[in-house]
Every structure is written in C-alpha cells, then in structure tokens.
Amino acid sequence: MKISMVRKGLAFDIEPVLMVWLASSQQAHHFVPERFWCEHLDTMRQVYLPSSDNYVYLDNQEIIGFYALAKNTLAAIFDLPEKQGQGVSSLL
C-alpha cells in the first residue's frame, strides 16, 4: 500500500531535503554550472533551511518534495525532477 503525506520537517530530514533542492535547482537551471549549486549546499544547510519552517512530502517514507516558510511567506517549494508534473507541488 502506497502512503503519501505532508508533515513538518525534522532535523534528520535535512540531507534528503538538500538532495531535493540540489536536484531541482540543477534541473531548472541547467545553464548554471553544477559546482555553483554544490558550493551553496552548506549555506542552505546552515542558514536558509534552519531559518525557515520546513514541510516535507513523503511518498512511501521517501522525501520527494518540500516547502519552506519564512515568517509565513512561501520562500521555497521544490520536488524531485522525476516527480515533477505529478501534483506534488500542488499537494504541498
């Protein structure tokens, strides 16, 4: 049975969330060198994500998307490139 849900992000979600962000950013901005995104992983890990309220979308216990709220403003919404077009962002 497939189980999908949205829940508040937890501390141990940070690495899977970063992988969603990285894959989505690289796909959406294919014209930007890959190293640019890799160089910004630590900033996302240490500054942006901790300063936001993050919510993750799980599909069979795998994080495939997330959104971040900064002071009740949508700051980011990402889903894995292979899941795009399947309604994940709409559910988030």
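The values are calculated or read from the model by the stated rules, or taken from the named source; none is laboratory data. Just so you know, these numbers come straight off a predicted model, no measurement behind them. With ideal geometry, Cβ positions are generated from the backbone for all residues, glycine too; neighbour counts draw on all protein chains shown. Each accessible area value is taken on the protein alone, full model and side chains, heavy atoms only, with ligands, DNA and RNA left out. Shrake-Rupley method; radii C 1.70, N 1.55, O 1.52, S 1.80 Å.
Output the number of residues of the stretch 1-49 satisfying the condition of being over 21 Å from Ser89 (Cα atoms) and in a loop (DSSP other than H, G, I, E, B). It would help to see each step written out before you state the result.
Looking only at the stretch 1-49, we keep the residues that are over 21 Å from Ser89 (Cα atoms), and these are 1, 11-12, 31-43, 45-47.
Then drop every residue that is not in a loop (DSSP other than H, G, I, E, B), which leaves 1, 31-33, 40.
Of the residues in that region, 5 qualify.
Looking for whichever is on the phi > 0 side of the Ramachandran plot and out of contact with any Leu (no Cβ under 8 Å at 6 or more places or on another chain) here; the options are Gln26, Gln61, Gln46. Which one fits?
Values: Gln26 fails: on the phi > 0 side of the Ramachandran plot; Gln46 fails: on the phi > 0 side of the Ramachandran plot.
After ruling out the rest, the residue left standing is Gln61.
Being open to solvent by less than 50 Å² (accessible area, probe 1.4 Å), in contact with a helix residue (DSSP H, G or I) (Cβ under 8 Å, 6 or more places away or on another chain) and modelled with pLDDT of 95 or more is the requirement here; does Trp21 meet it? First the steps, then the outcome.
Working: open to solvent by less than 50 Å² (accessible area, probe 1.4 Å): yes; in contact with a helix residue (DSSP H, G or I) (Cβ under 8 Å, 6 or more places away or on another chain): yes; modelled with pLDDT of 95 or more: yes.
Taking the combined requirement at face value, the residue satisfies it.
Could you grab me the full set of residues in the stretch 1-12 that are farther than 14 Å from Phe78 by Cα and either surrounded by 17 or more Cβ atoms within 10 Å (Cβ to Cβ) or not hydroxyl-bearing (Ser, Thr, Tyr) (or both)? Working first, answer last.
Let us first name the residues in the stretch 1-12 that are farther than 14 Å from Phe78 by Cα, namely 1-5, 7-8, 10-12.
If the condition is that a residue be farther than 14 Å from Phe78 by Cα and either surrounded by 17 or more Cβ atoms within 10 Å (Cβ to Cβ) or not hydroxyl-bearing (Ser, Thr, Tyr) (or both), then Met1, Lys2, Ile3, Met5, Arg7, Lys8, Leu10, Ala11, Phe12 are the ones that fit.
Within the stretch 56-92, which residues are without any contact (Cβ under 8 Å) to a residue 12 or more places away in the chain, small (Gly, Ala, Ser) and not in a loop (DSSP other than H, G, I, E, B)?
Ser90
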